[in-house]
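Peer 1: Before we start, here is the structure in question, set down as structure tokens.
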Amino acid sequence: MTVTVIYGGKSGEHEISLVSAAAVTRNIDSKNTVQLIAITKDGRWFLQPQSEFERIKVDSKASFKIIEDESQEVSVIPGGGSKRTFRAGSKILSSDVIFPVLHGPFGEDGTIQGLFEMVDVPYVGCTTLGSAITMDKEKTKVALAQAGIPVVPGICVRRSDLATANGYDTILERAQKELGFPLFVKPCAAGSSDGATLAKDLAHLNGAIIEAFLWDDKILIEKAVNAREIECSVTGNPTIDDDSCPAEKLTAYGPGEIAPKHDFYDYDAKYNDPDGADLLIPANLPEEKLEEVRTLAKKAFAALDLAGLSRVDFFIDKDTNKLYLNEINTMPGFTQISMFPKMCEAFGLDFTNLTNLLIDEAIARFKKTRNLQTSR
């Protein structure tokens with residue numbers, strides 16, 4: 001098959017995508033042909049030369065660079081399907097499946113997934129709807145609570161809420177009264193802890209709200225749980241087979257535990273500080289607690305109609321031992337220190353077999369949905 005790996009993008013996680021995509025590309029089965037399309041920070045698409053593929057294959061620690069050759073600028077062909085998927089200059093490119101290794105807005109939020117649906121081509125990962133819901137942390141919390149899955153207490157604040165006469169003071173008063181310090185403040189739709197701040201008092205809360213609104217027009221203020229950070233990888237297509245309960249068709253790997261050495265697992269701890277956190281696989285929990293995490297992860301995946309893959313992140317309150325689902329990442333990192341592939345490998349699914357599985361799942365879901373009637 002021809003597998004198109006797409007990476008880069010307009011989000012704050014652009015650089016992480018370059019690293020993740022290189023790791024994914026190195027682990028795509030050699031029986032396939034790989035073509036590379038990079039998206040610049042200003043949103044332009046460029047077909048990358050074969051030399052980029054060869055460079056990262058040789059150097060196991062290299063990340064992609066983006067080569068902006070005007071003659072290789074890419075456009076997408078709606079309705080083109082697998083035979084006429086893209087146009088690069090005057091050349092038509094086919095693609096049997098797309099692997100979009102894109103994190104955050106414009107890549108993990110349903111926008112590009114909707115574009116692939118219009119092209120009519122299989123793609124790895126969640127659908128337009130699943131991607132959009134999980135990118136919005138507020139909508140995710142609402143949907144999870146509706147499904148009976150415990151979430152961290154919090155309040156949602158829109159920029160328009162601050163426009164009223166006493167709007168800002170009301171929000172500060174409500175946060176202190178309903179939640180109490182310390183608090184986490186974060187944008188509703190940003191990834192990799194971009195714009196997230198731990199607020200220990202009122203002065204910190206003011207600054208945290210300002211920072212979060214730089215990234216989004218809607219933010220969450222949540223109770224800062226004295227928590228252990230637990231993560232679980234999930235793969236599968238709940239809607240492919242009609243013979244069993246959706247959650248029974250999913251596989252959960254892990255869980256693992258993040259032990260941050262910063263105040264919390266922020267962007268620096270995730271990507272910049274090689275000693276920013278300890279990664280424990282499996283998590284140091286009793287078997288019944290490990291199974292509770294796996295069960296809840298699969299339940300959440302099925303409840304939100306997710307597909308392909310996701311990393312489901314939990315908190316365990318150190319004081320009460322209560323389990324909360326924190327958030328869901330539908331295109332998790334694939335860097336050398338990323339938990340998603342590490343958990344899969346620790347539980348028997350190595351990186352190459354993981355990419356094979358995700359590609360097979362993408363094609364199976366595509367074939368299933370294309371059997372549905374769309375017109376009379």
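Peer 1: Where does the chain land at 222 nm, in deg cm²/dmol rounded to the nearest 500, when only DSSP H runs of n ≥ 4 count, each adding -39500 (n - 2.57), divided by all residues?
Peer 2: Roughly -9500 deg cm²/dmol at 222 nm, from the helical runs in the chain.
Peer 1: When only C-alpha pairs under 8 Å and at least 6 residues apart count, what is the relative contact order of the chain, in percent? List each step's numbers first, then the result.
Peer 2: Working: 807 pairs, mean separation 62.4, N = 376.
Answer for the chain is 17 percent.
Peer 1: Here's another thing I want to ask about it. With the full set of protein chains in place, find how many percent of the accessible area of region 87-205 is carbon and sulfur; take the probe as 1.4 Å.
Peer 2: Values: 2750 of 4890 Å².
Its accessible area is 56 percent carbon and sulfur atoms.
Peer 1: If you don't mind, there's one more thing I want to ask. Taking 0.36 nm per intervening residue step and subtracting the Cα-Cα distance, what contour gain separates THR295 from THR2 on full extension?
Peer 2: Values: separation 293, 0.36 × 293 = 105.48 nm, distance 3.52 nm.
That pair, THR295 and THR2, stretches by 102.0 nm at full extension.
Peer 1: What FRET efficiency, computed as 1/(1 + (r/R0)^6) with R0 = 35 Å and r the Cβ-Cβ distance, is obtained for TYR168 and MET118, rounded to the nearest 0.05?
Peer 2: On the way: r = 41 Å, r/R0 = 1.18.
Plugging the Cβ-Cβ distance into 1/(1 + (r/R0)^6) gives 0.25.
Peer 1: Tell me, what HN-Hα J-couplings in whole Hz come from the Karplus equation 6.51 cos²θ - 1.76 cosθ + 1.60 at θ = phi - 60° for each residue of region 47-62, using x for Gly and Pro?
Peer 2: 5, 9, x, 4, 4, 5, 4, 5, 5, 6, 5, 6, 9, 5, 10, 6
Peer 1: Calculate one ³J(HN,Hα) per residue across region 362-372 by plugging θ = phi - 60° into the Karplus curve 6.51 cos²θ - 1.76 cosθ + 1.60, and present them in order as whole Hz with x for glycine and proline.
Peer 2: 4, 5, 4, 5, 4, 5, 5, 6, 6, 7, 7
Peer 1: Skip the ligands, DNA and RNA, and give the accessible area per residue of the chain with a 1.4 Å probe, whole Å².
Peer 2: On the way: 16470 Å² over 376 residues.
Dividing the accessible area of the chain by its residue count gives 44 Å².
Peer 1: Would you kindly state how much longer the chain becomes between GLN373 and ASN284 on full extension, computed as 0.36 nm times their sequence separation minus their alpha carbon distance, in nm to one decimal?
Peer 2: Working: separation 89, 0.36 × 89 = 32.04 nm, distance 4.84 nm.
Between GLN373 and ASN284, full extension yields 27.2 nm more.
Peer 1: Right, something else. What FRET efficiency would be calculated for the residue pair ASP201, SER160, taking the C-beta separation as r and a Förster radius of 25 Å, to the nearest 0.05?
Peer 2: Working: r = 26 Å, r/R0 = 1.05.
The value I calculate is 0.40.
Peer 1: Taking the simple approach of a point 7 Å from Cα along Cα-to-Cβ for both GLN336 and GLU54, what is their distance in nm?
Peer 2: 2.4
Peer 1: Let me ask something else. What whole number of Å gives the distance from the Cα centroid of region 1-64 to the Cα centroid of region 112-147?
Peer 2: Taking the Cα centre of region 1-64 as reference, the centre of region 112-147 is 22 Å away.
Peer 1: Over all pairs of distinct alpha carbons, what does the Kirkwood formula give as the hydrodynamic radius of the chain, in Å?
Peer 2: By the Kirkwood definition, the hydrodynamic radius is 21.4 Å.
Peer 1: Please compute the modelled spin-label separation between GLU73 and ASP42, points set 7 Å along Cα→Cβ, answer in nm with one decimal.
Peer 2: Here the answer is 1.0 nm between the modelled labels.
Peer 1: Across region 24-35, in residue order, what do the Karplus-derived ³J(HN,Hα) couplings come to in whole Hz, using 6.51 cos²θ - 1.76 cosθ + 1.60 with θ = phi - 60° and x for Gly and Pro?
Peer 2: 3J(HN,Hα) across region 24-35, in whole Hz: 4, 4, 4, 10, 7, 3, 5, 5, 9, 9, 10, 10.
Peer 1: By a straight-distance test (C-alpha under 23 Å), which lysines pair with LYS91 as possible cross-link partners, with residues fewer than eight away in the same chain excluded?
Peer 2: The reachable lysines, counting only those whose Cα sits under 23 Å from LYS91, are LYS65, LYS83.
The values are calculated or read from the model by the stated rules, or taken from the named source; none is laboratory data. Since we're looking at a predicted model, the values are computed, not measured. Backbone-built Cβ (ideal geometry, glycine too); neighbour counts: all protein chains shown. Each accessible area value is taken on the protein alone, full model and side chains, heavy atoms only, with ligands, DNA and RNA left out. Shrake-Rupley method; radii C 1.70, N 1.55, O 1.52, S 1.80 Å.
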